[in-house]
Amino acid sequence: MQTPWTRRIVAAAAVAIVFGGAWDVARVRGATQADAKARTVWDGVYNQAQAARGKERYVKECSSCHLADLSGSDQAPPLSGEPFIIQWENRTAGDLFTSLRTTMPQGTPGQLTSQAYVEIVAYLLQANAFPAGSEELTRDADLLKTIQIVRGKP
Amino acid sequence: MRKPMRLLVTIVAVALLGLIAGAQTRQFRSVTDEMLRNPSAGDWLYWRGTGQSQGYSRLDQINRSNVGQLQLAWAWEMEAGNQQAAPIVYDGVLYVASPGGTVDALDGATGDLLWQYRHEVEGEARRAGSAIRGLSIYDDKVFLNTVDARIVALDARTGKVVWNVAVADPKKGFSYSAGSIIARGKVISGLQGCARFYDDKCAITAHDAKTGKELWRTVTIARPGEPGGDTWGDVASMFRAGTDMWIPGSYDPDLNLIFWSTSQAKPWTREARGTDGDALYSNSTLALDPETGKIVWYHQFVPGETQDMDEVFESVLVDAGGRSSIFKMGKLGILWEIDRRTGNFVHATDLGYQNILRVDPKTGKVTYSRDMIPKLNQELDMCPSFGGVKSWRAMAYSPETQAFYIPTQLTCQKITFLDVKKVEGGGGVGQGRRDNYQHPVSGGEIGEFLAMSTSGEILWKKRQRASFNTAALTTAGGLVFVGDWNRYINAYDVKNGNLLWQTRAATSAQGFPISYAVRGRQYIAVPVGVGAASWGTEIPIKLTPELKRPNSGNSIMVFALPQSPAAAPRR
């Protein structure tokens, strides 16, 4: 049974699909998901192809300090396992994205595209054993903030 | 043509060719031990000026009365990466290493490029763009320590490689970010990147300046069975890590001693290391005989240090009160004075910004405060943060005021330390969650620049929102130069801290400012740029978010007085 309210959302989505194009579709879909339920990194928020691109970027942009196996160095903290989860638990994918975009790579922060930063976030999620899903992690900073990083599967 | 005529033409031609060649290749006089001991006031031959590392220039053409007229003479863009450049100058040529290991030789008066050397790392581009602090010069060579743990000797006239030697295995994490210093024809260097568990350890080495041959190697970790070996308890040799030397040392030619300081043991905490022993020779200053590398004495400032509070920083050699002393300040913000003949403790003054330990000002003995020794997986609230009250921004000394000029940063952190697996090739520091915050006493002004006498009295201090972000430079003109993260470069009166000149750069002032002279004109050179560990990145970006700097761009800016009123640029 549809309520008048959900009918209105569906109608709005339909209008967006017809008139707004792909960008709006992604936005509305994301927004409705976010409204429906706060997601966590256990919900398959990135996909394998995106993480694979993120890995390539990581090797090129990050591994000189954080090392190819993400184990870190005296110059840079590890990005996998307990050091990663303790730093980021109870924060959001948006916090991680913003931190990377504003401070990394250290010598030239912000030099990558937002797509590249999101791909690196996807790779870090994969490297920390959070499951892949069917869709790519969004580039929308506001939507990223709705994805919680939590330690254990809720 | 008759024979005598032909001979004359030949002679003239040869003479002309010689003149042209002479004009193209600068007359180069070899750098001698005597020059290093008694340098010309216009040269800057060590990373902090001289072997004493005072960061002080004897030049006084730029002084209190005219510094307000200082203007840009030239600037030069450097390579991208973590900027913490420490240029040197010899006979009118400025040599500077960019992050990653590109060396530029620039005409000190005009900024013209004379030659460039670009270091390439074999295979993986490990740590390309990481910081290089300092170069050294001796005979006819400039010496570069590289990110892949090599030492490269360049012909000072041409930049051509004379020798290039491997010192440690970069695949095991070994690296250099600190330049070498010269002592009696030897290139002395300290390794870093020693946080991994291998049998190879951090070490100070000497190489023959002429040939690159390694003459000695002094490991800075006491292994089982060696003197001090019991200070690591029963930790196996392989798992004794750290003592990285990411800051260059000092040299006293009269005592003929090298002074080099080490950073903490790794992993950072006692619990993760598996010993609450002193862990020699971590967080110590070592006095070495340059002929043999023998440790003549050592002084450990914080035995068994357990939360990344480095004392690795510059050793400033000052004769004060009839004593030959070394003054140091590390992340805890304690000014230490030790006797450089014996290593004996003389005095300590705590700035009062750390909440970790108490230091007895009479004996130098430190006692950890209650609950300030971290327990694994438990959050600890500590001041300062890993950024330190003081870090690589070296202090400078002024003989005029007999005081140090010290760039500091006022932060704290909530931190959780983690264990580190004891496996070969593993290791690391054991950092968990870190959240920086403004030091409660800062009132949001996290930048502090202070003048402190050799006996520990504060002469004056400046607090501001932006972090001070360069080493200090003192001059005989009664000035101290320092720059900040918010792109300002300042000149203060050493006596009272009055601001006498200020300009704003394209990006953060960042690195080691120097002064030199060419043909009677004094210059002030200030590196500006980005990167530089948490002090220069996350801390200002997150704690002073309204201050902005560009995302990239490293350069060196060189200032001088107008040559004559007519030569001054028009508005």
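The values are calculated or read from the model by the stated rules, or taken from the named source; none is laboratory data. Only a predicted model underlies this, so the values are computations on that prediction, with no experimental measurement involved. In this analysis, Cβ positions are derived from the backbone assuming ideal geometry, glycine residues included, and neighbour counts consider all displayed protein chains. Just so you know, the surface numbers come from the protein's heavy atoms only, side chains and all, with ligands and any DNA or RNA stripped out. Shrake-Rupley method; radii C 1.70, N 1.55, O 1.52, S 1.80 Å.
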Looking at the stretch B:238-253, which of its residues are small (Gly, Ala, Ser) and either at negative phi or surrounded by fewer than 24 Cβ atoms within 10 Å (Cβ to Cβ) (or both)? B:Ala241, B:Gly249, B:Ser250
Scanning for something under 18 Å from the mean Cα position of the chain (by Cα), modelled with pLDDT under 75 and open to solvent by less than 30 Å² (accessible area, probe 1.4 Å), does the stretch A:78-101 turn up at least one residue? no
Looking at (1) away from every other protein chain (no Cβ under 14 Å); (2) farther than 20 Å from B:Arg48 by Cβ; (3) open to solvent by less than 20 Å² (accessible area, probe 1.4 Å), find the lone condition where B:Leu418 falls short. (1)
Let me confirm something: among B:Pro87, B:Pro99, which residue is within 13 Å of another protein chain (Cβ to nearest Cβ), in contact with a strand residue (DSSP E or B) (Cβ under 9 Å, 6 or more places away or on another chain) and closer than 25 Å to B:Thr50 by Cα? B:Pro99
Return the residues of the stretch B:513-538 that are surrounded by fewer than 24 Cβ atoms within 10 Å (Cβ to Cβ), within 14 Å of chain A (Cβ to nearest Cβ) and among the aliphatic types (A, V, I, L, M); say none if nothing qualifies. B:Ala533
Pick from A:Gln126, A:Gln148: which is in a strand (DSSP E or B), touching a residue at least 60 places away in the same chain (Cβ under 8 Å) and open to solvent by 10 Å² or more (accessible area, probe 1.4 Å)? A:Gln148
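Step by step: first the residues of the stretch B:193-210, then only those that are closer than 13 Å to B:Asp169 by Cβ and in contact (Cβ under 8 Å) with a residue 60 or more places away in the chain, then the one that is farthest from the other protein chains (Cβ to nearest Cβ). Which residue is that?
From the stretch B:193-210, those closer than 13 Å to B:Asp169 by Cβ are B:193-194, B:196, B:198-203; that's our starting set.
Still in the list and also in contact (Cβ under 8 Å) with a residue 60 or more places away in the chain: B:194, B:196, B:198, B:202.
Numbers: B:Cys194: 8, B:Arg196: 8, B:Tyr198: 14, B:Cys202: 10 Å.
Result: B:Tyr198.
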Can you tell me which residue in the stretch B:274-303 is nearest to the chain's Cα centre (by Cα), limited to those that are buried (at least 23 other Cβ atoms within 10 Å of the Cβ) and assigned to a loop (DSSP other than H, G, I, E, B)? B:Asn283
In the stretch B:58-65, is there at least one residue being touching a residue at least 24 places away in the same chain (Cβ under 8 Å) and surrounded by 24 or more Cβ atoms within 10 Å (Cβ to Cβ)? yes
Among the residues of the stretch B:391-404, is there at least one that is within 14 Å of chain A (Cβ to nearest Cβ), under 30 Å from B:Leu450 (Cα atoms) and modelled with pLDDT of 95 or more? yes
Any residue at all in the stretch B:163-186 that's in contact with an Asp or Glu (Cβ under 8 Å, 6 or more places away or on another chain), away from chain A (no Cβ under 14 Å) and buried (at least 24 other Cβ atoms within 10 Å of the Cβ)? no
